[in-house]
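Okay, structure first, notes after.
The values are calculated or read from the model by the stated rules, or taken from the named source; none is laboratory data. Everything numeric here is computed off the predicted structure, so don't read it as measured data. Neighbour counts run over all protein chains shown; Cβ positions are idealised from the backbone, glycine included. Side chains included, ligands, DNA and RNA excluded: accessible areas come from the protein's heavy atoms. Shrake-Rupley method; radii C 1.70, N 1.55, O 1.52, S 1.80 Å.
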Amino acid sequence: MSVELPLWRALTGYRILTLVYVLGLSAVAYPRYAHPLGAAAYMAALTLWTALTWRRTTSPERCTRQFLLADLGFAVGGILLTSVIDTHARIMGGAPTLPSIWTAGAVLGFAIKGGWRWAAVASSIVAVVNLVERQELARDTVHNVVLVWVASVAIGYVVEVARASERTLAHALQIEAATRERERLARDIHDGVLQVLAMVQRRGAALGGEAAELGRMAGEQEVALRTLIAGGLVPRQRTVLDVPQDAAPAARPADPGPLPAGPCDLMVLLAPDAGAGVTLSGPGSPVELPAAAAVELAAAVSAALDNVRVHVGADARAWILVEDEPDAVLVTVRDEGPGIPEGRLAAAEREGRLGVALSIRGRLRELGGSAEWLSVPGQGTEVELKVPKGTAPEGGRRGRARA
C-alpha cells in the first residue's frame with residue numbers, strides 16, 4: 001500500500017467532518033445573517049458538492065488537478081460571498097466565513113497531490129481572499145491564514161519525503177531481488193560448469209595431444225568464468241574457499257526432481273554421504289524440515305565434505321553430527337586435517353573461488369541460517385551449519401551439488 005494512501009483517506013474524512021461543523025455554525029448564525037436564504041443556498045451547494053465529489057479525494061488517481069482547482073474555487077467563492085451574505089458588523093467582529101475550516105481541506109488536497117509548492121500557492125490564494133473579505137489585517141484573520149499556510153506546506157513536504165522514501169525502498173528491494181537471483185545463478189554455475197571445466201582440464205593434461213590443448217582451453221575458460229562471477233555476481237566482501245582445479249568431482253546423487261510437499265527427513269538426505277570415511281550421527285527420530293530447506297542444507301553438508309576430501313585427502317575421516325533443537329536444526333561437519341591456514345579464505349576470495357561463499361554460506365543465508373568455521377592449525381576444521389525450522393528458500397527445484 002502506498003504511504004500516501006492513508007493521507008487521502010484522512011482528507012476525505014476531514015472534508016466530511018468539517019462539512020458537518022460548518023453546517024452547525026451556519027444553523028446557529030442563520031438568524032443573524034444579512035441574507036439568510038443566501039447562506040442557506042451556499043450551504044446546500046457546499047453539501048451537494050462534497051457529497052458528489054467525496055470519492056475524488058480517496059486516491060491520487062481520482063484527485064485530478066482540475067478537481068483541485070474547482071474545489072479551491074468553491075472555497076474561495078464562499079469566502080468572497082461572506083461579505084455579501086453576512087453583516088458588516090459580524091465580519092468585523094471576527095465571525096467565520098461561510099466555508100470556514102472546510103477551506104483547509106481544499107488546500108490540503110493540493111499539498112498531498114503536488115507537495116509543498118502546490119500547498120504554498122493554494123494557501124497563499126486563500127490568504128489573499130481572506131484578507132480581501134476582512135478588509136483589514138486583523139489578528140485572528142492573520143492567525144488563521146498563517147496556520148493554514150504552515151500546516152499545508154508542512155504536510156506537502158512530508159508527502160514529498162514519504163514518496164522519495166517509498167521510491168528508495170522499492171529500488172532497494174529490486175536490487176536485493178536481483179542480487180539474490182545473481183547469487184543463485186552463480187552458485188549453480190559453480191556447482192556445475194566450473195567443476196566440469198576443471199575436470200576437463202585435468203583429464204586433458206593427463207591424456208596429452210589434442211586433449212591437452214582442449215584441457216588448456218577449458219582451464220582458460222574456467223579462470224575467465226570465475227573472474228566474471230567474482231567481479232560481477234558475488235559481493236566482494238564475502239570470504240570464499242573453493243576446490244582446486246586439479247580436484248576430481250566426487251560422485252553425487254542425481255537431481256532429485258520436483259521437491260515433495262510437506263516436511264522432509266534430513267537424516268534420509270544425509271545418509272548417502274555416510275560411508276567408510278564419514279560417520280553420521282543424529283537423533284533416533286526423524287529430523288524434519290521443509291523439503292526445500294532440507295535439500296539445501298544437505299547440499300551444503302555435501303559441499304563441506306567435498307572440501308574435506310580435497311584439502312585433507314580422499315581417505316580423510318570426517319564426522320557429521322545432526323542436532324534437532326526446538327527452534328533450529330544444527331549440523332556439524334568435523335575433520336581431522338591440518339586446519340585452514342590463516343589468510344586462506346582471503347586468498348580464495350581474490351582467486352574467485354566460490355565454494356564457501358555460494359555452495360555453503362549462500363545456501364544457509366537463503367534459509368535464514370548461518371555457517372560458522374572453527375579451525376585450529378594442526379587440529380582439524382569444524383563447520384557448524386544452523387537452519388531455523390519452518391524456513392524454505394524460493395524455487396521448486398534444488399539439486400545437491402558440491403563446493
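Descriptive notes on the structure:
- So THR97, is it open to solvent by less than 60 Å² (accessible area, probe 1.4 Å), part of a loop (DSSP other than H, G, I, E, B) and of a type outside the set (A, V, I, L, M, F, W, C): yes
- Residues in segment 100-117 that are free of Cβ contacts under 8 Å to residues at least 40 places away in the same chain and open to solvent by 30 Å² or more (accessible area, probe 1.4 Å): ARG117 alone.
- Of the criteria (1) under 18 Å from ILE101 (Cα atoms); (2) surrounded by fewer than 16 Cβ atoms within 10 Å (Cβ to Cβ), which one GLU61 fails: (1)
- Evaluated against (1) among the basic types (Lys, Arg); (2) at pLDDT 90 or above; (3) part of a loop (DSSP other than H, G, I, E, B), ARG62 falls short on exactly one condition, (2).
- For GLN174, the conditions (1) polar (S, T, N, Q); (2) open to solvent by less than 30 Å² (accessible area, probe 1.4 Å); (3) free of Cβ contacts under 8 Å to residues at least 12 places away in the same chain all hold with the exception of (2).
- Subset of segment 14-46 [assigned to a helix (DSSP H, G or I), small (Gly, Ala, Ser) and open to solvent by 30 Å² or more (accessible area, probe 1.4 Å)]: GLY24, ALA27, ALA40, ALA41, ALA44, ALA45
- Hey, GLU133 touching a residue at least 40 places away in the same chain (Cβ under 8 Å), within 30 Å of PRO31 (Cα to Cα) and of a type in the set (Asp, Glu) or not: yes
- Residue match in segment 76-93 (condition: more than 21 Å from VAL129 (Cα to Cα) and surrounded by 14 or more Cβ atoms within 10 Å (Cβ to Cβ)): no
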